[in-house]
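Taking it in order: structure first as structure tokens, then the write-up.
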Amino acid sequence: MKRILHVLTTVFMALLLTIPVALAADMTAKEIVSEAKKQICEVSVSEAKEIFDKEGSVFLDCRTSKEYKMGHVPGSINIPRGLLEFKIDKQINDKATPILMYCKTGGRGCLATCTLCKMGYKNIKNVDGGWLAWEKAGYPVE
């Protein structure tokens, strides 16, 4: 009886895990970002600047290394989105650390923020508009 229950539970869980994939199969990148935005907290670039001025938060740039080298928020750390899951715990192992995520315009940052939330990070926000909004506002850059 226990074995049958175990098999049924395993099959049921497998089916549950495939439902989101099936539903997302025909989504565009823009739609995926839009869905992710519903699950995360975002701040405006002016709110991000206020947080930057107070210090104590980590600015995490999820753009490519090449993009980061062309300019970034002073003191930010760079972990490209494609490596985020594998490198985040080496850079930020305290999951309560206040993090402000940004990318070029906000899309990758939104997805990266969603990923870190799934990994248990509790205090993470995405900067709406990303690097371009920061730079356009005339805020400090390195």
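For the stretch 103-142, name all the residues that are assigned to a helix (DSSP H, G or I), farther than 21 Å from LYS54 by Cα, in contact with a helix residue (DSSP H, G or I) (Cβ under 8 Å, 6 or more places away or on another chain) and among the hydrophobic types (A, V, I, L, M, F, W, C).
CYS110, LEU111, ALA112, CYS114, LEU116
What number goes with the only condition from (1) of a type in the set (Gly, Ala, Ser); (2) surrounded by fewer than 17 Cβ atoms within 10 Å (Cβ to Cβ); (3) under 22 Å from THR28 (Cα atoms) that ALA96 does not pass?
(3)
Inside the stretch 99-128, can you point out the residues that are crowded, with 22+ Cβ neighbours inside 10 Å and within 17 Å of SER46 (Cβ to Cβ)?
Answer for the stretch 99-128, where residues must be crowded, with 22+ Cβ neighbours inside 10 Å and within 17 Å of SER46 (Cβ to Cβ): LEU100, MET101, TYR102, GLY106, GLY109, ASN126, VAL127.
Considering only the stretch 101-111, I want to know if a residue exists there that is at positive phi, under 14 Å from the mean Cα position of the chain (by Cα) and of a type outside the set (A, V, I, L, M, F, W, C).
Initially, the stretch 101-111 is screened for residues at positive phi, giving 106.
Adding the requirement that they be under 14 Å from the mean Cα position of the chain (by Cα) leaves 106.
If we keep only those that are of a type outside the set (A, V, I, L, M, F, W, C) too, we end up with 106.
Yes.
For GLN39, only one of the following conditions fails: (1) modelled with pLDDT of 95 or more; (2) closer than 13 Å to LYS125 by Cβ; (3) polar (S, T, N, Q). What is its number?
(1)
Which members of the stretch 32-79 meet the condition of being more than 14 Å from ARG108 (Cα to Cα) and among the acidic types (Asp, Glu)?
Scanning the stretch 32-79 gives GLU47, GLU50, ASP53, GLU55.
For the stretch 101-129, what are the residues that are among the polar types (S, T, N, Q) and under 14 Å from LYS37 (Cα atoms)? Explain how you work it out, then say what you get.
Residues of the stretch 101-129 among the polar types (S, T, N, Q): 105, 113, 115, 123, 126.
Result: THR105, THR113, THR115, ASN126.
Residues of the stretch 81-98 being under 24 Å from VAL45 (Cα atoms), under 13 Å from the mean Cα position of the chain (by Cα) and among the aliphatic types (A, V, I, L, M), which ones?
LEU84, ILE88
For the stretch 50-64, enumerate the residues that are surrounded by 12 or more Cβ atoms within 10 Å (Cβ to Cβ) and free of Cβ contacts under 8 Å to residues at least 40 places away in the same chain.
THR64
Yes/no per residue for (1) at pLDDT below 95; (2) polar (S, T, N, Q):
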position: GLU50; (1), (2): no, no
position: GLU55; (1), (2): yes, no
position: GLY75; (1), (2): no, no
position: PRO80; (1), (2): no, no
position: ILE99; (1), (2): no, no
position: ARG108; (1), (2): no, no
position: THR113; (1), (2): no, yes
position: TRP134; (1), (2): no, no
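Quick one: what pairs do we get from the stretch 71-91, first residue without any contact (Cβ under 8 Å) to a residue 60 or more places away in the chain and farther than 19 Å from LYS49 by Cβ, second of a type in the set (Lys, Arg) and in a helix (DSSP H, G or I), C-beta under 6 Å, 6+ apart or different chains?
Filtered contacts from the stretch 71-91: ILE79/LYS87; ARG81/ARG108.
The values are calculated or read from the model by the stated rules, or taken from the named source; none is laboratory data. Because the structure is a prediction, the values reported are computed rather than measured. Using ideal geometry, Cβ is built from the backbone for each residue, glycine included, and neighbour counts are taken over all protein chains shown.
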